[in-house]
Amino acid sequence: MSEQPILSLEGLSVRLPRGADRTHALNGVSLSIASNEILCVVGESGSGKSMMANAIMRLVPGEVAIEAGRMMFDGRDLCTTDPAAMREVRGAGIAMIFQEPMTALNPLRTVGDQIAEMFRIHTDLSKAEIGERVLSLLEDVRIPSPKTAAKAYPHELSGGQRQRAMIAMALALDPKLLIADEPTTALDVTTQAQILKLIRDLQQRKKTAVLFITHDFGVVAEIADRVVVMQHGKIVEQGTADDVLNRPTHSYTKQLIAAVPPLTAPPPRPLSSDNILTITNVAKTYRTGGFLDRGARVTAAVKDASLTLPRGATLGIVGESGSGKSTLARCIVRLIDPDNGAILLDGKDWVKLKRAEIRRETRHIQMVFQDPSASLNPRRKAAELVAQGPIVHGTPRATAMTEARELFALVGLDPSAGDRFPHEFSGGQRQRIGLARALALKPDVLIADEPVSALDVSVQAQVLKLLGELRERLGLSIVFITHDLRVAAQVCDLVAVMKDGEIVEHGLVADVFSRPQHPYTQALLASVPGGAFAREHQTAV
Amino acid sequence: MRIIGLAGRRLAASIPTLFLILIGVFLLLQLAPGDTVDALMAQMGGGDAATARELRKFYGLDLSIPAQLANYLWHLVRLDLGFSSIYGKPVATVIMERLPPTILLMTASLSFAFFFGLVFGVIASRAVNKWPDTLISTLGLVFYATPSFWFGLMAIVVFSIYLQWLPAGGFEDIGEVRTGIFRVIDIARHLILPTLTLGLIFLAIYLRIMRASMLEVLNLDYVRTARAKGLDETRVVMGHVLRNALLPMVTLIGLQAGTMLGGSVVVESVFSLPGLGRLAYESVIQRDLNTLLGIVFVSALLVVVVNFVVDLLYARLDPRISAEG
């Protein structure tokens, strides 16, 4: 890999507008990428890694300015290239793929048309030639039936297919450098594994240099040749993947790697024989569209699910998007009414309760949601949000507010922070508020729907640790829904794997993860990025 | 094809609404004192109670209110809008005479507002917070805040009386008989001021929506993708932003068709255009219930048709619609 660098950044600094949380998004960043290598840039949100990608493309918003440094690409400094020449570079010289395949394609134009646009603006090929090139590109990225895919609109493709189309588009003109900004973060784990392999294969075949931005050390272990670790807009460590992953030198890198949950389960805890929650044959079917039952689309979101949760245990429900795990969670708390089945909580069948009874009983079972910023009312103060539940259930306001402040201390927040609004907290702190809110009613069972998916790894580790402590201290029983097997391995005693609405396998975490029986579980475990790395390294949690 | 079925179903669903509106209007007008016969007698210069009774019997106004309503609806089912006692003609004929100016005025104003709203919206969003944006947004606010009758009157003062460029009112020049292209030009000249007057408020609305919608779309991920492909700004806007930004505008047309009909009452009165709006106003004054109900029916029909067309247009613009059903 000692080839001539394709792109080298020399002391690049990018200034943020006044009023931002820091003055510089990037501060004296220097790195270089050679052809035929994959350089992973790792960092948590706000580390400036995406800003770097946009700066290289010169696609930073108007108020953000490239202040100093050089970006040498193909013998010229991109910092001083004029806009017209820069447009020549974009797409043809440096191409980019983005995180959200859902929103990165224009919903109103066909996939083929959007790929063809690359050729239309950068080449003089005829319409027929462009058509052929588009088809061969779609074949290259192994989209099933490329002809149909070319004529399809983005919404007609799955997330993985859309990301394949994006890759096809980015590689259309054989760029020297491909910038991939978290290209697999929004994808399911099996799809992620496929896309990573595809990027790897295409990169090796075409000898492209790839700048791969990610927050996930698993992905780094899977794909990187060299690694750059960023924190607060500065590079804290760089080196070969092997060195950085196995012999990290900077404390921040060590901390990040330690925060990655390993795939091996901790030794099992003794489980109570008393089941607090028993779910038998719960099913939920969605019907959409259709007029007088004609043309209705029926989706069986949950089919015949049966599970038990021992008192004080944590039951993980894992599965990919669309597997019905969230629907099942919502059925358990009766946010959705299941079609049939029984949900026994402490001997009471929740399915048979009436709306008003549910409202009374709901304090026994509470939910923590995925997105901590979207699930808290932005116009109410944090303490009020936490106290709201008890007040509704009849606690006097003053008492509820005092208890709310105690809860803040319990979840590791400053009790005086209760007077602030949700947007004044960080993501991890907001999730702590979400926990405090759920705990305010002193529930027996907590349903946590992807509680850490939106958080950075280090914050994720803290929240998981907190959840474990609370479980011990308050004797909580938890249903923990996640798509991340590594997280499930860390916090759960029991795990159930869901696929297409069915529970395909369940049992003790250690058993399921070390000796998976069902082929789908095996596939899921094999897809965990950096599997070997995740299994081997020891966590500090 | 699925989309036509969908729109057709929406069309069918609007029929009960139509009947509810008619019944509502019918009952509301019963609350107002006086009826057609009172208005007729007043026009004739008065008469005795016997004549009034005769007339009421002749027009079926002596029946109970539910009976009158049932009578009316029964006629309506057979597409008979009844007879206007004031005009002495079938209501359908009266409305058909008055419909063309209104439809012309509406189409012209809508096209004017839509086109210029779009253009100015795009210009404003491309120069956001710079002087063209400030100028356009301020003008938009002025247009939006000014009552249309005042605009109409001022336009007459300036363009018809002071400058004498355009006629002050009417649908065409009644002094001369013109045919063919000359008649078209003449009508167009008469319609310029009313179109501007009615269109300016809608222009202001469209302009603001278009600006906001453009700004929103410009921040979306696929616009960044388009830029990362190396497209220049013009192609980014034309190829990726415009059509997406148009969607809320198209929805708005459907929503505002009704408002525009309402606005045409004022504008037609100011410019003495023989249109549907003025007919409605006159019918209320003269307690001409049949004509009024006929107008309500036709206006509602017009709004339904506009929405039907908008639905089709929307489906044409947005491929996601037909899939989601």
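Any chance the range B:196-207 includes a residue that's within 14 Å of chain A (Cβ to nearest Cβ) and polar (S, T, N, Q)?
Checked the range B:196-207: no residue is within 14 Å of chain A (Cβ to nearest Cβ) and polar (S, T, N, Q).
Among the numbered criteria (1) part of a helix (DSSP H, G or I); (2) in contact (Cβ under 8 Å) with a residue 60 or more places away in the chain; (3) buried (at least 20 other Cβ atoms within 10 Å of the Cβ), which one does A:Ile478 miss?
So the condition that A:Ile478 fails would be (1).
From the list A:Thr81, A:Thr23, which residue is of a type in the set (Ser, Thr, Tyr) and within 14 Å of chain B (Cβ to nearest Cβ)?
Values: A:Thr23 fails: within 14 Å of chain B (Cβ to nearest Cβ).
Within the list A:Thr81, A:Thr23, the selection yields A:Thr81.
Taking B:Thr225, is it surrounded by fewer than 17 Cβ atoms within 10 Å (Cβ to Cβ), more than 30 Å from B:Val157 (Cα to Cα), among the polar types (S, T, N, Q) and at pLDDT 85 or above?
On the way: surrounded by fewer than 17 Cβ atoms within 10 Å (Cβ to Cβ): no; more than 30 Å from B:Val157 (Cα to Cα): yes; among the polar types (S, T, N, Q): yes; at pLDDT 85 or above: yes.
Judged against the criteria, B:Thr225 is not a match.
Of all the helices (runs of 4 or more DSSP H) wholly in the range A:153-237, which have at least 2 residues that are modelled with pLDDT under 85, among the small types (Gly, Ala, Ser) and farther than 19 Å from A:Ala53 by Cα?
Working: elements: A:159-170, A:189-206, A:217-223.
Result: A:159-170.
A:Pro61 passes all but one of (1) within 18 Å of A:Lys49 (Cα to Cα); (2) away from chain B (no Cβ under 11 Å); (3) assigned to a loop (DSSP other than H, G, I, E, B); which number fails?
Unmet condition: (2).
Identify all residues within the range A:84-108 that are more than 8 Å from chain B (Cβ to nearest Cβ), crowded, with 23+ Cβ neighbours inside 10 Å and either hydroxyl-bearing (Ser, Thr, Tyr) or more than 23 Å from the chain's Cα centre (by Cα) (or both); write none if there are none.
A:Ile94
Could you tell me whether A:Arg142 is more than 14 Å from chain B (Cβ to nearest Cβ), touching a helix residue (DSSP H, G or I) at 6+ places or on another chain (Cβ under 8 Å) and part of a helix (DSSP H, G or I)? Break it down stepwise before answering.
Details: more than 14 Å from chain B (Cβ to nearest Cβ): yes; touching a helix residue (DSSP H, G or I) at 6+ places or on another chain (Cβ under 8 Å): yes; part of a helix (DSSP H, G or I): no.
Criteria not met by A:Arg142.
Could you check how many residues of the range A:348-390 are among the hydrophobic types (A, V, I, L, M, F, W, C) and either exposed (fewer than 13 other Cβ atoms within 10 Å of the Cβ) or part of a helix (DSSP H, G or I) (or both)? So that I can check it myself, show each step before the final result.
Of the residues in the range A:348-390, the ones among the hydrophobic types (A, V, I, L, M, F, W, C) are A:350-351, A:353, A:356, A:358, A:365, A:367-369, A:374, A:376, A:382-383, A:385-387.
Still in the list and also either exposed (fewer than 13 other Cβ atoms within 10 Å of the Cβ) or part of a helix (DSSP H, G or I) (or both): A:350-351, A:356, A:358, A:374, A:382-383, A:385-387.
Selection size over the range A:348-390: 10.
When you look at B:Val119, is it farther than 30 Å from B:Val250 by Cβ and either of a type in the set (A, V, I, L, M) or crowded, with 16+ Cβ neighbours inside 10 Å (or both), yes or no?
Values: farther than 30 Å from B:Val250 by Cβ: no; either of a type in the set (A, V, I, L, M) or crowded, with 16+ Cβ neighbours inside 10 Å (or both): yes.
So B:Val119 fails the test.
Can you go through B:Gly152, B:Gly180, B:Gly175, B:Gly170 and tell me which one is surrounded by fewer than 21 Cβ atoms within 10 Å (Cβ to Cβ), among the small types (Gly, Ala, Ser), in the same structural domain as B:Ile136 (by TED's automatic domain parsing) and in contact (Cβ under 8 Å) with a residue 24 or more places away in the chain?
Details: B:Gly152 fails: surrounded by fewer than 21 Cβ atoms within 10 Å (Cβ to Cβ); B:Gly180 fails: in contact (Cβ under 8 Å) with a residue 24 or more places away in the chain; B:Gly175 fails: in contact (Cβ under 8 Å) with a residue 24 or more places away in the chain.
Residue meeting the stated conditions: B:Gly170.
So, restricting to helices (runs of 4 or more DSSP H) that lie completely within the range B:228-320, which ones have at least 1 residues that are surrounded by 23 or more Cβ atoms within 10 Å (Cβ to Cβ)? Give the steps one after another, and end with the answer.
Working: elements: B:233-236, B:242-270, B:276-285, B:289-317.
Correct list: B:242-270, B:276-285, B:289-317.
If we keep just the residues of the range B:5-38 that are more than 30 Å from B:Ala50 (Cα to Cα) and in contact with a Phe, Trp or Tyr (Cβ under 8 Å, 6 or more places away or on another chain), which is surrounded by the fewest Cβ atoms within 10 Å (Cβ to Cβ)?
B:Arg9
In contact with an Asp or Glu (Cβ under 9 Å, 6 or more places away or on another chain), outside any helix (DSSP H, G or I), under 20 Å from A:Pro262 (Cα atoms) and in the same structural domain as A:Ile365 (by TED's automatic domain parsing) - does that describe any residue in the range A:425-447?
no
Kindly indicate which of B:Gly46, B:Gly24 is in a loop (DSSP other than H, G, I, E, B), of a type outside the set (Val, Ile, Thr) and away from chain A (no Cβ under 14 Å).
Working: B:Gly24 fails: in a loop (DSSP other than H, G, I, E, B).
So the residue among B:Gly46, B:Gly24 that is in a loop (DSSP other than H, G, I, E, B), of a type outside the set (Val, Ile, Thr) and away from chain A (no Cβ under 14 Å) is B:Gly46.
Give the range A:64-78 a look and list any residue that's on the phi < 0 side of the Ramachandran plot and either in contact with a strand residue (DSSP E or B) (Cβ under 9 Å, 6 or more places away or on another chain) or at the interface with another protein chain (Cβ under 8 Å from one of its Cβ atoms) (or both), or say none.
Going residue by residue through the range A:64-78, those that are on the phi < 0 side of the Ramachandran plot are A:64-68, A:70-73, A:76-78.
Residues satisfying the conditions are A:Val64, A:Ala65, A:Ile66, A:Glu67, A:Ala68, A:Arg70, A:Met71, A:Met72, A:Phe73, A:Asp77, A:Leu78.
The values are calculated or read from the model by the stated rules, or taken from the named source; none is laboratory data. Everything numeric in this text was worked out from a predicted model, so none of it was measured. Every residue, glycine as well, gets a Cβ built from its backbone with ideal geometry; the counts of neighbours run over all protein chains shown.
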